[in-house]
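Just so you know, all these numbers are worked out from the coordinates, no wet-lab data involved. Everything numeric here is computed off the predicted structure, so don't read it as measured data. Here the Cβ positions follow ideal geometry from the backbone for every residue, glycine too, while neighbour counts run over all protein chains shown.
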Amino acid sequence: MIQLNTKQPLRVVISAKLAQLIERIRERKKTHKAVTAALRVNEWGKRLTKPALRNQFVIARKSAANAHPELASAIDKFRLYELSAKAADDTSDERGEQAASELLGNENVKTTQRHYLRRGRIVPPTK
């Protein structure tokens, strides 16, 4: 995989639940005429674009709100977000800022700190 901004090559370990999910997607794709190696495909087997995914999400959200009017307000507020900053924060908490920088493919930790780390460091109480 190539990191989009810095063009750094990254090798992400695929294991546990992610590996299971990818295998399920591959098995499902075998039952359809897929014309791309991409995991996300449309009903014609072509790569699913970001705008198409967004449009499908909006349709699904409206359908869910219609099916459950009592939850319509909460459903309408639900949004999709890029999870780079969350992944960086979680990785930083578990393994340090250098690991978060490597995960995102940033060349130095300062870039990761400036653009992605938002929660701040975990510190012990004074007493």
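Take every pair of alpha-carbon atoms less than 8 Å apart whose residues are at least six positions apart; their mean separation over the length of the chain yields a relative contact order of 18 percent. Our note on the geometry: Cα centres of the stretch 71-127 and the stretch 1-16, 17 Å apart. Over the residues of the chain, the helix contribution to mean residue ellipticity at 222 nm works out to -15500 deg cm²/dmol, using -39500 (n - 2.57) for each DSSP H run of at least 4. A straight chain from ASN5 to LYS127 at 0.36 nm per residue would run longer than the Cα-Cα distance by 39.6 nm. As a rough footprinting exposure proxy, the listed residues VAL109, VAL13 were ranked by other beta carbons within 10 Å of their own, and the order from fewest upward is VAL13, VAL109. Summing +1 for each Lys or Arg and -1 for each Asp or Glu, what net charge is found among the other residues whose Cβ lies under 12 Å from the Cβ of ARG61? Residues near ARG61 contribute +3 overall.
Beyond 32 Å in Cα-Cα separation lie the following of the pairs LYS7/LYS77; LYS50/LYS110; LYS29/LYS110; LYS62/LYS110; LYS7/LYS62; LYS30/LYS77: LYS7/LYS77; LYS29/LYS110; LYS62/LYS110; LYS7/LYS62; LYS30/LYS77. Placing unit charges on each Cβ (+1 for Lys and Arg, -1 for Asp and Glu) gives the chain a dipole about its Cα centre, and among VAL13, LEU103, THR36 the Cα reaching farthest toward its positive end belongs to THR36. Charges were assigned to the Cβ only: +1 to each Lys and Arg, -1 to each Asp and Glu. The resulting dipole of the chain about its Cα centre is roughly 400 debye.
By the count of neighbouring beta-carbon atoms within 10 Å, fewest first, LEU103, LEU10 end up ordered LEU10, LEU103. Available extension along the chain between GLU94 and ARG79 is 2.8 nm, counting 0.36 nm per residue and deducting the alpha carbon span.
The loop-placed chymotrypsin sites (Phe, Trp or Tyr not before Pro) in the stretch 1-109, going by DSSP, that have at most 15 neighbouring Cβ atoms within 10 Å of their Cβ come out as TRP44, PHE78, TYR81. Specify which residue in the list HIS115, SER63, ALA87 is farthest towards the positive end of the charge dipole of the chain, using unit charges on the beta carbon of Lys, Arg (+1) and Asp, Glu (-1), about the Cα centre. Among HIS115, SER63, ALA87, the one farthest towards the positive end of the dipole of the chain is SER63. In this simple spin-label approximation, GLU70 and VAL35 carry label points 7 Å from Cα along the Cα→Cβ vector, and these lie 4.6 nm apart.
The order of THR36, THR31, going from fewest to most other C-beta atoms within 10 Å of their C-beta, is THR31, THR36.
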